[in-house]
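The values are calculated or read from the model by the stated rules, or taken from the named source; none is laboratory data. Since we're looking at a predicted model, the values are computed, not measured. As a convention, Cβ positions derive from the backbone with ideal geometry for all residues, glycine included, and neighbour counts pool all protein chains shown.
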Amino acid sequence: MIKKIFRKKTIEDFSTQINEENELSRDLSLFSIVLLGIGAIVGSGIFVITGTAASQHAGPAITISFIISAIGCLFAALCYAEFVSLAPISGSAYSYSYLTMGEIFAWVLGWDLILEYALSISTVSVGWSGYFDNILSIIGINLPEYLLNPTFALTNTGLTLSGSIINLPAVFIIAVIAVIVIKGIKESSWTNTLVVLTKIIVIFLVIGFGISFINPSNWIPFIPPNTGTFGKFGLSGILTGAGVVFISYIGFDALTTLSQETKNPKRNIPIAIVLSLIVCTILYVLVSLVLTGIVNYTQLNVPAPFSLAVTEMGANFSWLNVVVNIGAIFGITSVLLVMQTGLSRIAYNISKDGLLPKLFSKISKFKTPYKTTIIVSIACMVISGLFPISFLSEMVSIGTLLAFTLVSLSVLVLRKTNPQLPRGFKVPLMPLIPILAIVICLSQMIALPVATWLRLLIWMLIGLIIYGIYGFKNSKLSKD
């Protein structure tokens, strides 16, 4: 049995699955993929998480946190790019682990990706809710507080009841996106193109007008002194902030889940990964500098920090506040679009391998895994309605960092065990870059709160139980 849980797939297995079993439609061009990458990355990181991470962990030095995360992401992205050029399958890191380290590692990573994407969707939808509430307030509609906030609040003692019933707008937007995702990837891509262009224009408007309202005193001290608690400002706060904002970069990971719906994926996806990551990092650095320059970091722990910054610019910019809230809604919507698509494709591939029930790989007339989309969307709706954004974002970050670490490790393993395999793209400076990716990701994981680690371990334990009860005996490799 021990030997069987480490059974591996081969490149031939993936080629057969792609050529003979691909029920998905290849509609995505390089331009579409790049925009999907930017759409997935530029969203919660700029519009939501920047304020939370600055106010609770890094202060104005959140800019440094973004740069640290970007470096780690770039190294990990190069590892992803090599795998995509080798095996363009839509299972992302799950499929890569199946190829290099065996079924048990693939299942653990697949189970981790399900957590990462589900909580990412929930986190982003909570941010969407904050900006949506701002829009309603501007036009004179005020929803009751018990329908705008999650059921639970995160305090120093843990999760407690907040007094609210549910975050209704967050639940609503997930349901809307689910319908678009079920309709088809081509329609999703056109929707994404519109919202990405809109939010980039909005971001440049805020940067352009906001520069003249920067108060340099808000940057002093640029690195606030540590409070005596690890992760609360100081150098440890920068590192913890980097771990928290890591959620902002998981968009390039989502691109690999679309390999089976992309034209020439071995070429186009590696290019799209690198381009989208570079563009988004530049935007993050500029935005974090402007936000913390306009508003003191201690005041940024709000669901809509962009809107707060524009409000500080004065009444003459009330029009920009409306534009910002609309742009943020568009921007965050594009993240939800890519994340919900990615999650359904990961579950689809796990199901095709027999590790999840067959209903997760059922395809609709639109050539999309509709049952999977419905199931995961309902789960995300429940999570987003119940839990606060700070609780969710930390869990997303640790799941993402674990995935990046294992993918980087997988590249090292495969170079050693199968150096002869044809690779359209190779990670440069081997083995330095994968090792640096692993070190940076692990250091950020260590900086995250202990409670976050405990929640991850509980989730993994549940996953191992499911694998033992169902996955092991129903695995396609077992039946073959």
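Quick notes
- The one condition in (1) out of contact with any Ser or Thr (no Cβ under 7 Å at 6 or more places or on another chain); (2) over 23 Å from Asp133 (Cα atoms); (3) surrounded by 20 or more Cβ atoms within 10 Å (Cβ to Cβ) that Lys352 fails to fulfil: (1)
- Residue pairs whose Cβ atoms lie under 9 Å apart, separated by 6 or more positions or on different chains, with the first residue in the stretch 1-15 and assigned to a helix (DSSP H, G or I) and modelled with pLDDT of 75 or more and the second aliphatic (A, V, I, L, M) and surrounded by 13 or more Cβ atoms within 10 Å (Cβ to Cβ), are Lys4/Leu477; Ile5/Ile104; Phe6/Met101; Phe6/Ile104.
- Criterion (in a helix (DSSP H, G or I) and under 25 Å from Tyr117 (Cα atoms)) met by exactly one of Val290, Val310, Val245: Val245
Residues are listed down the side, and each one gets a yes or a no for (1) surrounded by 20 or more Cβ atoms within 10 Å (Cβ to Cβ); (2) closer than 14 Å to Ile203 by Cβ; (3) free of Cβ contacts under 8 Å to residues at least 12 places away in the same chain:
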| site | (1), (2), (3) |
| --- | --- |
| Val274 | no, no, no |
| Ile282 | no, yes, yes |
| Leu286 | no, yes, no |
| Leu289 | no, yes, no |
| Asn296 | no, no, no |
| Ala304 | yes, no, no |
| Val310 | yes, yes, no |
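- Of the criteria (1) farther than 24 Å from Ser307 by Cα; (2) within 19 Å of the chain's Cα centre (by Cα); (3) among the small types (Gly, Ala, Ser), which one Ser364 fails: (2)
- Whichever residue in the stretch 104-154 is in contact with a helix residue (DSSP H, G or I) (Cβ under 6 Å, 6 or more places away or on another chain) and of a type in the set (Asp, Glu) and, among such residues, is farthest from Leu457 (Cα to Cα): Glu116
So that you can scan it fast, the table gives a plain yes or no per residue for (1) under 26 Å from Phe152 (Cβ atoms); (2) assigned to a loop (DSSP other than H, G, I, E, B):
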{"position": "Ser364", "(1), (2)": "no, yes"}
{"position": "Val382", "(1), (2)": "yes, no"}
{"position": "Phe404", "(1), (2)": "no, no"}
{"position": "Val411", "(1), (2)": "no, no"}
{"position": "Leu414", "(1), (2)": "no, no"}
{"position": "Pro419", "(1), (2)": "no, yes"}
{"position": "Val427", "(1), (2)": "no, yes"}
{"position": "Ile435", "(1), (2)": "no, no"}
{"position": "Ile446", "(1), (2)": "no, no"}
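- Residue within the stretch 415-431 that is closer than 28 Å to Gln340 by Cα and in contact with a Phe, Trp or Tyr (Cβ under 7 Å, 6 or more places away or on another chain) present: no
- Matching residues in the stretch 350-390 - criterion: being farther than 30 Å from Tyr146 by Cα, at pLDDT below 85 and among the polar types (S, T, N, Q): Ser361, Ser364, Thr368
- Which listed residue, of Leu320, Leu421, Leu336, is out of contact with any Lys or Arg (no Cβ under 6 Å at 6 or more places or on another chain) and either within 27 Å of Met445 (Cα to Cα) or without any contact (Cβ under 8 Å) to a residue 40 or more places away in the chain (or both): Leu336
- A search for C-beta distances below 7 Å between a residue of the stretch 104-130 that is surrounded by fewer than 24 Cβ atoms within 10 Å (Cβ to Cβ) and any residue that is assigned to a helix (DSSP H, G or I) and hydroxyl-bearing (Ser, Thr, Tyr), counting only pairs 6+ apart in sequence or on different chains, returns Phe105/Ser97.
- Extreme residue, farthest from Ser122 (Cα to Cα), among residues of the stretch 39-84 that are surrounded by fewer than 24 Cβ atoms within 10 Å (Cβ to Cβ) and under 16 Å from the mean Cα position of the chain (by Cα): Leu74
- Meets criteria (basic (Lys, Arg), under 30 Å from Ala153 (Cα atoms) and in a helix (DSSP H, G or I)) for Arg455: yes
- Residue pairs whose Cβ atoms lie under 9 Å apart, separated by 6 or more positions or on different chains, with the first residue in the stretch 194-221 and in contact (Cβ under 8 Å) with a residue 12 or more places away in the chain and the second in a helix (DSSP H, G or I) and acidic (Asp, Glu), are Phe213/Glu312.
- Matching entry among Ser384, Ser408, Ser344, Ser377 (being crowded, with 21+ Cβ neighbours inside 10 Å, under 21 Å from Ser475 (Cα atoms), touching a residue at least 24 places away in the same chain (Cβ under 8 Å) and among the polar types (S, T, N, Q)): Ser344
- Listed by first and then second residue, the pairs linking a residue in the stretch 228-243 that is on the phi > 0 side of the Ramachandran plot and at pLDDT 85 or above to a residue that is assigned to a helix (DSSP H, G or I) and not aliphatic (A, V, I, L, M), with Cβ atoms under 8 Å apart and 6 or more places separating them unless they lie on different chains, are Phe233/His57; Phe233/Gly59.
- Scanning the stretch 414-436 for residues that are aliphatic (A, V, I, L, M), within 15 Å of Leu86 (Cα to Cα) and surrounded by fewer than 15 Cβ atoms within 10 Å (Cβ to Cβ) gives a single hit, Leu421.
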